[in-house]
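**Student:** First the structure, then my questions, so here it is.
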């Protein structure tokens, strides 16, 4: 069952490439690795190693299946962004790459959850209903927090568990935003601002209504002095270095997934309209927080 789940996730991702040769680099193997999952490099090739110990994870529920999906998504993000081809110069570089794997990995995972035919056949719930889907996803994130994120709080390689959770929730909103934009052919900056702020509010309201905030975030977590803006700038610096003359690191995706899983890494320009729209809606709700 575990092998089938893993194989279905990888094959669903490969299906996003119309030409199969473009997805040949997406490989994994099972072995006795001490870590649940990691990307390794042999010569000029990278691939994902998954520990045989994953067979001990109970995957009888949709929550646990999505937990495995998110774990694989994180490693796929490292793989497709060619992270092992970059030699970390310092702790900040390591945090940058891990932050991006958290963010981009969730976008990969959400794409598989929404469009992966094999993986979806293994699920019992109706994920076309966003209210049902988000609750299950949030519970999978609880597993991520308790089994993975909390364990990395003592490591300088990662952001703290609260920042990691904020990153993956932002990625869910970003995925749903881009999905709606491309499905409805709404591509302008103003449309992006409205759709993005609407999804940001909807997801945070759902967290509040489900009383999930205290489950996903830990009061008293040791905070690190994190400059998110500097991290994002470093994301673009590193990946532009990695892509060099290529426009994208991840080539051959179909049109829809190429837009959602964009790896062009052009000069970063925050959508200030979306930020302003989101903050305005937060004010109207009386929430004393800002993006």
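Throughout, read-outs are computed from the coordinates displayed, never taken from laboratory work. Computed from a prediction, not measured in an experiment: that's the story for all the values here. No Cβ is skipped: glycine too gets one built from the backbone with ideal geometry, and neighbour counts run over all protein chains shown.
**Student:** Peptides 65-71, 27-33: what's the order by average Cβ count within 10 Å, highest mean first?
**Tutor:** Details: 65-71: 24.6, 27-33: 12.7.
Top of the packing list down: 65-71, 27-33.
**Student:** Now for a separate question. Report the Stokes-Einstein translational diffusion coefficient (µm² s⁻¹, integer) for region 42-175, Rh taken as the Kirkwood radius over Cα pairs, at 4 °C with viscosity 1.567 mPa s. Walk me through the intermediate numbers first.
**Tutor:** Working: Rh = 15.6 Å.
Result for D is 83 µm²/s.
**Student:** Shape call for region 37-118 from the C-alpha gyration tensor, a ≥ b ≥ c root eigenvalues: rounded (a/c under 1.5), prolate (a/b greater than b/c) or oblate?
**Tutor:** Working: a/c = 1.99, a/b = 1.65, b/c = 1.21.
Here region 37-118 falls in the prolate category.
**Student:** Another question, if that's okay. Residue 11 versus residue 33, label points 7 Å from Cα toward the beta carbon: distance in nm?
**Tutor:** The two pseudo-label positions are separated by 2.2 nm.
**Student:** If you don't mind, another one. Given contacts defined as C-alpha pairs under 8 Å and at least six residues apart, what's the relative contact order of the chain, whole-number percent? Please report the intermediate quantities before stating the final value.
**Tutor:** Values: 349 pairs, mean separation 57.7, N = 291.
Taking the mean separation of contacting Cα pairs over the length of the chain, I get 20 percent.
**Student:** Follow-up question, since we're still on this one. Under a crude label model (7 Å from the Cα following the beta-carbon direction), how far is residue 55 from residue 42 in nanometres?
**Tutor:** It is 2.1 nm.
**Student:** Moving to a separate point now. How many angstrom separate the Cα center of region 98-160 from the Cα center of region 172-219?
**Tutor:** The distance from the Cα centre of region 98-160 to that of region 172-219 comes to 15 Å.
**Student:** So how much slack lies between residue 187 and residue 2, counting 0.36 nm per residue of separation and subtracting their Cα-Cα distance, in nm? Mind showing how you got there, number by number?
**Tutor:** Numbers: separation 185, 0.36 × 185 = 66.60 nm, distance 3.91 nm.
Taking 0.36 nm per residue and subtracting the Cα distance, the gain is 62.7 nm.
**Student:** When a/c is below 1.5 the answer is rounded, else prolate if a/b is larger than b/c, else oblate, so apply that to region 103-193 with a ≥ b ≥ c taken from the square roots of the Cα gyration tensor eigenvalues.
**Tutor:** Working: a/c = 2.44, a/b = 1.34, b/c = 1.81.
Taking the square roots of the gyration eigenvalues as a ≥ b ≥ c, region 103-193 is oblate.
**Student:** What length, rounded to one decimal in nm, is gained on full extension from residue 94 through to residue 20, with 0.36 nm per residue of separation minus their alpha-carbon distance? Show your work: numbers first, answer last.
**Tutor:** Working: separation 74, 0.36 × 74 = 26.64 nm, distance 3.16 nm.
Gain on stretching residue 94 to residue 20: 23.5 nm.
**Student:** Turning to a different aspect of this structure: Extension gain residue 262-residue 208, at 0.36 nm per residue separation less the Cα-Cα distance, in nm?
**Tutor:** Numbers: separation 54, 0.36 × 54 = 19.44 nm, distance 3.02 nm.
Computed gain between residue 262 and residue 208 is 16.4 nm.
**Student:** OK, next. Rounded, prolate or oblate for the chain? Axes are the square roots of the Cα gyration tensor eigenvalues, ordered a ≥ b ≥ c, and the cut-off for rounded is a/c under 1.5. Walk me through the intermediate numbers first.
**Tutor:** Values: a/c = 1.25, a/b = 1.18, b/c = 1.06.
In terms of gyration-tensor shape, rounded.
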